[in-house]
Amino acid sequence: MVNPKIVISFLFIFSGLNCLQAQKNKEKVSSFPKTLAIDGQVLQKNLNLITANDPEKVNALTALLKKADKLVLDAKTYSVMDKKQVPPSGDKHDYMSTGPYWWPDPSKPDGLPYIKKDGKRNPTYYDITDSQEIDKVEDGALILALAYYYTKENKYADFASKLLKTWFIDPATRQNPHLNFGQGIPGLNTGRGTGIIETRDLFRVGEAAILIENTPNWSAKDHEELKKWFSEYLTWMLESPIGKDEADSNNNHGTFYSEQVIAFALFTNRLDVATSEIEVFKNRMESQLKPDGSQPFELARTKSWNYVNMNLYGYFLIAKLAENSNVSLWNQQISEGKNMKNALDWIVPYLKNEKKWEYEQIQKIGYEETIKILKLAAKKYSNPEYENLAKTIDLKIYNSDIIQLTN
């Protein structure tokens, strides 16, 4: 005869083990990072694949760590104070750049005012280093933060924190949170709303900060200081004449204005602003697309392929960001056909070489943004054909470290 006390004891232990396992499962589900446009659950899945020695992900991490180690070894930080020029304000803490497609007027003795040559970049654009250096901060911070996430080696988080503190926090080196002097045109103005396009990748700084949160050299105070900077920059975007000017843009500039407002609002917990801008974006997409999915404003440019893909990537970024507000934009449309899937499907025949690109394109076609779009579309629309197409277009880009480790 079975002793009832033994049975009860066994059931108690078994129940306890089940509860413990359930708790572990709950912790596993909730342990992924709460990132912005990068899917935290995808990062966690990739981490598990790396732990299981998945060759594709391990190779990607090896390539990423090579870059991260070089960043740590070089120990190069960046600041708006590095530029030689002084902005019109007299304060080098102010970000400054010139319009990249603007050139001296050959008919004028002093070349002023400059004239536009769409798609033809004036090499003097690079004389002012702010635009190049902020790109290096965005790229470097994300590389290092991902390296930390996948290895938990503090050296990567430590240097990522140094990059962020130098550009955004330290009083001696920080950028003032505005772009009053972005993409100025000599002889016409000292800054324009279009300059805001130069911070379209700043969301990656937010991603990096989230991934290194609570590491030894990135304290809760540091994180709040960074959020304060972004909140002030967001307020400037929403309230300044230059910010309002960019908000009225009807092409990719308007798209990336919305992308930034939503990303920065989410990062700084200004959720009402994010929700409001998501509604604005719905109307932007409606105004930018034709029912067949084509983008007339971008097709009119001299680098039409670049701008069509850039703008479409903006749509997909915004859709990812909107998920943080429990809003799905993947099939959003106001008028029939004016949705992001249709916009993607419009370029697919060109990717399959079923059609030849007949629009103006003054430089070689590239596919980095296209592949990011296709990989995301494969998941969101449950269509592996998009993924297969991404592989056939450019396998090197498809296998690149950041794409593999964040998708």
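Taking the criterion of being surrounded by 14 or more Cβ atoms within 10 Å (Cβ to Cβ) and under 16 Å from Leu43 (Cβ atoms), the residues of segment 111-152 that qualify are Ala141, Leu142, Ile143, Leu144, Ala145, Leu146, Ala147, Tyr148, Tyr149, Tyr150, Thr151.
For every residue, the table says whether it meets (1) open to solvent by 40 Å² or more (accessible area, probe 1.4 Å); (2) hydrophobic (A, V, I, L, M, F, W, C).
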{"position": "Ala60", "(1), (2)": "no, yes"}
{"position": "Leu64", "(1), (2)": "no, yes"}
{"position": "Lys70", "(1), (2)": "yes, no"}
{"position": "Asp82", "(1), (2)": "yes, no"}
{"position": "Ser89", "(1), (2)": "yes, no"}
{"position": "Asp94", "(1), (2)": "no, no"}
{"position": "Thr98", "(1), (2)": "no, no"}
{"position": "Asp105", "(1), (2)": "no, no"}
{"position": "Lys108", "(1), (2)": "yes, no"}
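The set of residues from segment 37-95 being touching a strand residue (DSSP E or B) at 6+ places or on another chain (Cβ under 9 Å) and hydroxyl-bearing (Ser, Thr, Tyr) comprises Ser89, Tyr95. From the list Lys379, Lys372, Lys338, the one residue that fits, being within 18 Å of Arg200 (Cβ to Cβ) and among the basic types (Lys, Arg), is Lys372.
Which is modelled with pLDDT of 95 or more, touching a strand residue (DSSP E or B) at 6+ places or on another chain (Cβ under 6 Å), of a type in the set (A, V, I, L, M) and over 28 Å from Asn324 (Cα atoms), of Ile185, Ile212? Show your work before the answer.
Working: Ile212 fails: over 28 Å from Asn324 (Cα atoms).
Result: Ile185 is the single residue among Ile185, Ile212 that is modelled with pLDDT of 95 or more, touching a strand residue (DSSP E or B) at 6+ places or on another chain (Cβ under 6 Å), of a type in the set (A, V, I, L, M) and over 28 Å from Asn324 (Cα atoms).
In summary, Asn250 fulfils each of the numbered conditions (1) closer than 29 Å to Tyr381 by Cβ; (2) open to solvent by less than 60 Å² (accessible area, probe 1.4 Å); (3) in contact with a Ser or Thr (Cβ under 8 Å, 6 or more places away or on another chain) with the single exception of condition (2). The sole residue among Asn383, Asn342, Asn353 that is over 27 Å from Gly119 (Cα atoms) and at pLDDT 95 or above is Asn383. When we screen Gly111, Gly119 for residues that are in a loop (DSSP other than H, G, I, E, B), farther than 27 Å from Pro171 by Cα and in contact with a Pro (Cβ under 9 Å, 6 or more places away or on another chain), the only hit is Gly111.
Can Ala157 be described as in contact with a Leu (Cβ under 6 Å, 6 or more places away or on another chain), of a type in the set (A, V, I, L, M) and in a helix (DSSP H, G or I)?
Values: in contact with a Leu (Cβ under 6 Å, 6 or more places away or on another chain): no; of a type in the set (A, V, I, L, M): yes; in a helix (DSSP H, G or I): yes.
When the stated conditions are applied, Ala157 does not pass them.
When restricted to residues that are in a helix (DSSP H, G or I), of a type in the set (Ser, Thr, Tyr) and open to solvent by less than 40 Å² (accessible area, probe 1.4 Å), segment 280-308 contains 2.
Being closer than 30 Å to Asp105 by Cβ and in a helix (DSSP H, G or I) is the filter here, so list the residues in segment 186-242 that pass it. Break it down into steps so the answer makes sense when it comes.
Filtering segment 186-242 down to residues closer than 30 Å to Asp105 by Cβ leaves 186-200, 240-242.
Scanning segment 186-242 gives Gly193, Thr194, Gly195, Ile196, Ile197, Glu198, Thr199, Pro241, Ile242.
Among the residues of segment 243-257, those that are among the hydroxyl-bearing types (Ser, Thr, Tyr) and assigned to a helix (DSSP H, G or I) comprise Thr255, Tyr257.
I'd like to check something: does segment 330-349 contain any residue that is among the basic types (Lys, Arg), closer than 27 Å to Leu405 by Cβ and buried (at least 21 other Cβ atoms within 10 Å of the Cβ)? No, segment 330-349 contains no residue that is among the basic types (Lys, Arg), closer than 27 Å to Leu405 by Cβ and buried (at least 21 other Cβ atoms within 10 Å of the Cβ).
Residue-by-condition table, conditions (1) crowded, with 17+ Cβ neighbours inside 10 Å; (2) without any contact (Cβ under 8 Å) to a residue 40 or more places away in the chain:
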| residue | (1), (2) |
| --- | --- |
| Gly191 | yes, no |
| Asp201 | yes, no |
| Glu213 | no, yes |
| Gly243 | yes, no |
| Ala265 | yes, yes |
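The values are calculated or read from the model by the stated rules, or taken from the named source; none is laboratory data. Values in this document were obtained by computation on a predicted structure and should not be read as measured data. Glycine gets a Cβ as well: all are built from the backbone with ideal geometry, and neighbour counts include every protein chain shown. Areas reflect the complete protein model, heavy atoms only, side chains present, ligands, DNA and RNA absent. Shrake-Rupley method; radii C 1.70, N 1.55, O 1.52, S 1.80 Å.
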